[in-house]
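The values are calculated or read from the model by the stated rules, or taken from the named source; none is laboratory data. Computed from a predicted model, the values in this text were never measured in an experiment. With ideal geometry, Cβ positions are generated from the backbone for all residues, glycine too; neighbour counts draw on all protein chains shown.
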Amino acid sequence: MGIDQRRYLRWIAINGMALPLVLILFSWSFLPSMSAAWYTSARDPFVGCMFLMGGALGFYQGYDHRDRLASAIAGLTAPLIATLPMAPPTATALQTWIGYGHFVAALAFFGALWWLCNRLFPLGSGNPTPEKLMRNVVYKTAGDLILWGIVGLTVVSIALDRSPWVFWIESTMVWAFGIAFLVKGDLVPFLRDKPAA
């Protein structure tokens, strides 16, 4: 993987991991969900971060067509999450339908990130090094957290309308993929392959 591709991975990771903290800082409160930032003073940072992350994901090429497809899906849906706001508490019929679009975009976004972390990042050729095996544990764990987060969001959203747990589940998911992308971006020294003796 070229150095430019590693830079994309690092940018995606840092941008995603900073997002929950940025939203708390700009809204001066714990939001019920990240998407609720649309209705607060944190809307502009939320939209900006999602567009930046979507652009970086769109440019990430990875190793083959599977990486490109997964990153393209995530890259296209990130801006949709930002531009199709979740339905407010007293939503009109149109806002409700836009909210459904937001939910579908979020599901596709996190699904694509799960696919990258859990299925594509662990792939390799030949005998894996000990460092590669450790990296794979990170990737798989991040993917599992994203998958369980998707399940958790669905359950909490149905059972506990607008629960603050949604924000923390979403934060865990973005921190999980952020860590996986940092590792894939070769930014964790002890997980890099050691030079052959």
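Key figures
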item: Extreme residue, farthest from residue 37 (Cα to Cα), among residues of the range 149-170 that are among the charged types (D, E, K, R) and at pLDDT below 90; result: 161
item: Options 112, 105, 142: the member that is more than 19 Å from residue 179 (Cβ to Cβ), in contact (Cβ under 8 Å) with a residue 12 or more places away in the chain and in a helix (DSSP H, G or I); result: 105
item: Residue selected from the range 70-116 under the condition under 11 Å from the mean Cα position of the chain (by Cα) and surrounded by fewer than 20 Cβ atoms within 10 Å (Cβ to Cβ), by the criterion modelled with the lowest pLDDT; result: 107
item: Qualifying residue in the range 40-59 (condition: outside any helix (DSSP H, G or I) and in contact (Cβ under 8 Å) with a residue 24 or more places away in the chain); result: no
item: Verdict on residue 36 being over 16 Å from residue 181 (Cα atoms), touching a residue at least 60 places away in the same chain (Cβ under 8 Å), outside any loop (DSSP other than H, G, I, E, B) and among the small types (Gly, Ala, Ser); result: yes
item: Residue within the range 57-65 that is surrounded by 14 or more Cβ atoms within 10 Å (Cβ to Cβ), among the small types (Gly, Ala, Ser) and modelled with pLDDT of 95 or more present; result: no
item: Any hit, the range 152-168, residues being assigned to a helix (DSSP H, G or I) and in contact with a Phe, Trp or Tyr (Cβ under 6 Å, 6 or more places away or on another chain); result: yes
item: Any hit, the range 123-137, residues being among the hydroxyl-bearing types (Ser, Thr, Tyr), closer than 22 Å to residue 180 by Cβ and touching a residue at least 24 places away in the same chain (Cβ under 8 Å); result: yes
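Let's see how each residue does on (1) of a type in the set (S, T, N, Q); (2) under 25 Å from residue 75 (Cβ atoms); (3) assigned to a helix (DSSP H, G or I):
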| position | (1), (2), (3) |
| --- | --- |
| 91 | no, no, no |
| 127 | yes, no, no |
| 132 | no, no, yes |
| 181 | no, yes, yes |
